[in-house]
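Have a look at the structure below, then the notes.
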Amino acid sequence: MEIDPPRNTRAWVLHPDLKNDNNRRDPDAALAEAVALAQAMPEMEILGADIISLRKAVAGVLFGKGKIAELKAVFQAHEIELLLIDGALTPIQQRNLEEEWNLKILDRTGLILEIFSDRARTREGVLQVEMAALAYQRTRLVRAWTHLERQRGGLGFVGGPGETQIESDRRAIDDAMNRLKRQLSKVVKTRELHRSARKKVPFPIVALVGYTNAGKSTLFNRLTGAKVFAKDMLFATLDPTMRSVELPSGHEIILSDTVGFISELPTQLVAAFRATLEEVLDADLVVHVRDISHANTEEQARDVSIILDQLGLSNDIPKIEVWNKIDLMPIEDQEAINAKAERSDDKFAISSITGAGFDRLLDSISSALTDPVTERELLVPYSDGKQRAWLFEQGIISEETATEDGFKLRVLWTARQEKQYRNL
């Protein structure tokens with residue numbers, strides 16, 4: 001007997017364009033991004049997408065009665081099973097609309113959580129997603145039981161009401177979150193040990209950041225020869241990846257690829273993935289990769305800057321901008337972008353696909369990471385053989401004299417090497 005392959009979920013995307021929203025985005029660009037988010041979900045068939053203009057949200061249902069009836073007919077005609085609403089829904093709005101339209105609904109936060117859940121690979125990534133999903137689920141327990149008087153437990157021996165279903169579910173979620181926090185703390189300790197070990201490696205860390213789908217992973221792959229999952233898809237990379245790279249100048253660096261940023265990132269995920277993005281805070285150089293061919297590249301750049309500020313990125317860490325995907329632009333626009341970038345010391349127009357602009361970019365990365373060398377005199381006690389051995393490994397000792405108290409050394413080192421020596 002032949003078994004039919006599983007059918008894709010029939011889905012529709014709506015972007016509510018609220019006229020009274022102070023943070024209102026361009027509706028066409030917002031809808032295009034919402035569709036791209038939906039397409040990042042596996043086994044999803046997007047049958048339609050609409051912008052719904054609203055003067056203000058209607059309490060309890062978001063849309064007006066006429067629009068709800070109109071959309072219900074559309075969804076029934078296309079046999080829609082899943083509706084993706086590009087915005088935040090209250091639990092009451094979600095429950096009421098699901099009942100009205102008789103289909104499953106995901107708001108923007110729910111959709112991003114689904115994508116992250118599908119993409120997480122490392123132990124930490126999986127735990128962070130589960131934590132964020134539980135925090136989100138806890139706020140929506142109203143969907144499970146509409147009658148708070150429904151009760152569970154209590155056999156009549158003690159008397160009085162039992163525990164309500166929602167209270168029980170909330171307690172179960174809190175217990176699960178506490179278990180995850182304990183597991184996550186162990187994983188974080190392991191990661192901190194790895195970070196401490198990396199700090200002793202005499203190679204600077206270069207972190208790639210940028211809006212999702214800006215081409216960070218493609219750039220990472222071209223520089224490292226690695227095979228990180230890179231696809232024209234939002235959130236193609238979720239877990240941080242690090243590789244050592246030798247630049248044409250001979251400098252060796254650690255290159256880090258990070259999760260893509262996105263506008264209106266759910267607050268649960270900003271908190272959940274702060275640890276994942278801590279690699280950026282430890283970087284010696286931050287490379288902001290932009291899709292310069294995107295119609296909303298300026299808005300995306302602002303979103304990335306806002307999130308970097310939220311993370312607490314120090315102004316002391318040097319940053320450069322990489323204008324990627326110039327190969328997707330008309331020739332005359334490419335020439336204008338190249339000319340604009342060349343007039344700046346921290347802007348670089350490139351194509352991760354063709355390699356255009358790479359020479360200037362790599363030379364600049366080398367220059368940014370070439371620290372000035374200073375001369376210092378050290379007295380290393382005879383008992384501190386580890387420190388002396390490290391200095392010789394670095395090849396920075398210019399003179400050594402044995403004294404009664406230890407080795408008197410003259411060293412030529414960078415600020416980074418001095419910091420590593422102090423941490424030994």
Quiz prompt | Residue selected from segment 304-329 under the condition closer than 18 Å to residue 214 by Cα, surrounded by fewer than 19 Cβ atoms within 10 Å (Cβ to Cβ) and not aliphatic (A, V, I, L, M), by the criterion farthest from the chain's Cα centre (by Cα) | solution = 327
Self-check item: Residues satisfying the stated conditions in segment 59-75, i.e. on the phi < 0 side of the Ramachandran plot and in contact with a Leu (Cβ under 9 Å, 6 or more places away or on another chain)
Solution: 61, 63, 64, 67, 68, 71, 75
Quiz prompt | Among (1) exposed (fewer than 13 other Cβ atoms within 10 Å of the Cβ); (2) part of a loop (DSSP other than H, G, I, E, B), the one test that residue 352 misses | solution = (1)
Quiz item: Is one or more of the residues making up segment 281-289 in contact with a helix residue (DSSP H, G or I) (Cβ under 6 Å, 6 or more places away or on another chain), modelled with pLDDT under 70, assigned by TED's automatic domain parsing to the domain that holds residue 359 and within 17 Å of residue 355 (Cβ to Cβ)?
Solution: no
Exercise. Pull up segment 135-163, narrow it to residues that are under 18 Å from residue 88 (Cβ atoms) and of a type in the set (A, V, I, L, M, F, W, C), then point me to the one that is modelled with the lowest pLDDT.
Key: 142
Self-check item: Residue ID - surrounded by the most Cβ atoms within 10 Å (Cβ to Cβ), chosen from residues in segment 105-119 that are farther than 25 Å from residue 72 by Cα and of a type outside the set (A, V, I, L, M, F, W, C)
Solution: 119
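The values are calculated or read from the model by the stated rules, or taken from the named source; none is laboratory data. Small disclaimer: the values here were computed from a predicted structure and weren't measured. As a convention, Cβ positions derive from the backbone with ideal geometry for all residues, glycine included, and neighbour counts pool all protein chains shown.
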